[in-house]
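Each remark here refers to the structure printed beneath this line.
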Amino acid sequence: MFRIQRIYDQSSTQNNEIILQVQTILTTQFKGISVEEIAKLSEHLRNPVKYRFRSVLFIADDEKGHLKGFALLHHASDLRFCFLDYISATAERTGRGIGGALYDDVRDYTLSQKVIGLFFECLPDNPDLCKDDKELNQNIARLRFYERYGARPIINTAYETPVSEQDTCPPHLVFDDLGMYRLPSKKQLRAIIRAILERKYGDLCPPEYIAKVEKSIVDDPIRLRSYRYIKTEKLAAKKIPSTGEKILLVINDRHDIHHVRERGYVESPVRIQSILKDIEPSGLFEQKMPRRYGEKYISAVHNPEYIRYLRKVCNNVPPKKSIYPYVFPIRNNARPPVELPVRAGYYCIDTFTPLNHNAYLAARRAVDCALTAAHAVLKGRTLAYVLVRPPGHHAEYQAFGGFCYFNSVAVTANYLSKYGRIAILDIDYHHGNGQQNIFYHRDDVLTVSIHGHPKFAYPYFSGFKDETGKRDGKGFNVNYPLPEKINGAQYRETLSKAIRRIERHKPSYLVVALGLDTAKGDPTGTWFLQARDFEQNGKMIGKIGIPTLVIQEGGYRVRSLGTNTYNFFSGLWSGFYQEATLPQ
């Protein structure tokens, strides 16, 4: 076990002992470093004016005070950047998570300083520049590690140019955007590089060399090397929320009581588990327990007769048994059958959404979660995520289907509509027919859906472009049916149009029906969106800049659910906050 601490000065005997231990690691782990450079460590902490950096020492030690690793970070407040000078574990502790824990803490601290980003050096992974095979492999391992965080070498500069012909293995300058997804400008990088070379290497780099490197920067904004070792969808979780409010997370704590154990039924509890596995370590979210709300909020958007039916039939279905609709009221929908199981088709739009003992209870709890988040948004929270199942966006005023029983999105939008204009953006692969049906005659709630064309995608009978609303709602229902095969760039063209329409509505609140079934390989979809696409989509939505409540809908490819969810919310958070928090 180990803990991470921050040391700002030498004000105590204990701190002096820690610094001596750090200097020992420097001597053993960094063979090329001079005695003079090692001695500078204490001076960096003692005299920030001399080096024009405020330095912080991060240490990992055990409960007995034995040092396991350290990182030395310099903060240049005048130019708003941080430079990671050293990071290392003791020789016997490498590969045990200490380096990763130190780097995570460095990133958290750096982000809290509201800087442009984090810079550091890495020796090259090019065999033409590094001839020693052992050293080359170490360099590759380091750059692979940093790529997991999105950090990569800055390209098209002369930073790697040796100061003298005798120098070998010149380092890359690496940039970590800390999950803010903005690159420095040419002007910013020129000033930062000059500061690094003058303040850290002033005794080694002559003025003409510094000027040469500075003038070599021509890209605006700067460019980073393409990913070489890590697939972009495997990027490590970026701990973000030091500079902005965390995303409120409300989870349906009773979702797993609704478990249909039948082959081919993809709406299963593992969906929630897969998402939580990847988003909980990120530091992006702050969880809140749901509270119970009355049925009146549901009856405001669903037929009370339908609600009573659903409650009664589910209560009467034996545990572990499901009823599927098989008779539908085509000829006479005014006289429902007496037998409750037969009446299933009276209120259903398909033959694969079952009624069982816990369907009503789980759906009610999902609505409670959504209303809990909506209440928090009214109290001032800006971003919220309602992680629930069963989903709800296919549930209409008096019909269930598509695994959906109560429309949590519609309940939430109707609840918030008492306090301002509302926009619903449904980005599930399947049409949000429930919201369309419920709000089709209203102009205070704009319903927008981007989905697969109903000629090939469920629910087949709605989602056409010419369905624009009726009476007061004319023009306030917008459908974007898309082709069977599209990629992320094509999707974003339509998302841009949808966002422009939402902005014209000037809503006070945005409710997003988040479907992850737009992902490549989803068993219910045909599109090709990948992790970076979800990140970009989230960022575009976040930039709308109004309080946003996201409710989980579809998404059934368990392997990529967590990664895609994390990337979406990472983008949403940065899109919402970066304009206000990232300095120019």
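FYI, it's all coordinate maths here, none of it is from the lab. No experiment lies behind these values; they were computed from the predicted model shown. With ideal geometry, Cβ positions are generated from the backbone for all residues, glycine too; neighbour counts draw on all protein chains shown.
Observations, loosely collected:
- All lysines inside 18 Å of LYS520 as judged from Cα atoms, apart from same-chain residues fewer than 8 positions distant: LYS231, LYS234, LYS485
- Extension reserve of the GLN398-ARG194 stretch, reckoned as 0.36 nm per residue once the Cα distance is removed: 66.7 nm
- Length added when fully stretched, SER322-PHE352, from 0.36 nm per residue minus Cα-Cα: 9.8 nm
- With contributions of -39500 (n - 2.57) from each DSSP H run of at least four residues, the per-residue ellipticity at 222 nm computed over the chain stands at -11000 deg cm²/dmol.
- Among the trypsin sites (Lys or Arg not before Pro) within the stretch 59-152, those in coil by DSSP and having at most 10 neighbouring Cβ atoms inside 10 Å are LYS64, LYS131.
- Among the listed pairs LYS296/LYS379; LYS418/LYS474; LYS296/LYS506; LYS187/LYS539; LYS497/LYS543; LYS114/LYS288, those beyond 23 Å (Cα-Cα): LYS296/LYS506; LYS187/LYS539; LYS114/LYS288
- Here r is the Cβ-Cβ distance between GLU245 and GLU503 and R0 is 22 Å; the resulting FRET efficiency, rounded to 0.05, is 0.45.
- Each of the peptides 434-440, 374-380 was scored by the mean count of other Cβ atoms within 10 Å over its residues; in descending order, highest first, they stand as 434-440, 374-380.
- Remark: LEU57, LEU495 ranked as LEU495, LEU57, counting other beta-carbon atoms within 10 Å and listing the fewest first.
- Whichever aspartates and glutamates have a C-alpha closer than 18 Å to that of LYS470, once near sequence neighbours (fewer than 8 apart) are set aside: GLU396, ASP443, ASP444
- Mean-position separation - Cα centroids, the stretch 242-293 and the stretch 358-387, in angstrom: 12
- Fully extending the segment from ASP256 to THR161, taken as 0.36 nm per residue of separation minus the present Cα-Cα distance, adds 28.3 nm.
- Each of ASP128 and ASN315 was given a label point 7 Å from its Cα along the Cα-to-Cβ line. The distance between the two points is 7.7 nm.
- Estimated inter-spin distance, LEU204 and ALA489, nm [label 7 Å along Cα→Cβ]: 4.1
- Relative intensity, log₁₀ I(q)/I(0), of the chain from a Debye sum that treats every alpha carbon as a point, q = 0.10 Å⁻¹: -0.88
- Nitroxide proxy distance, nm - points 7 Å out along Cα→Cβ at THR168 and TYR229: 2.2
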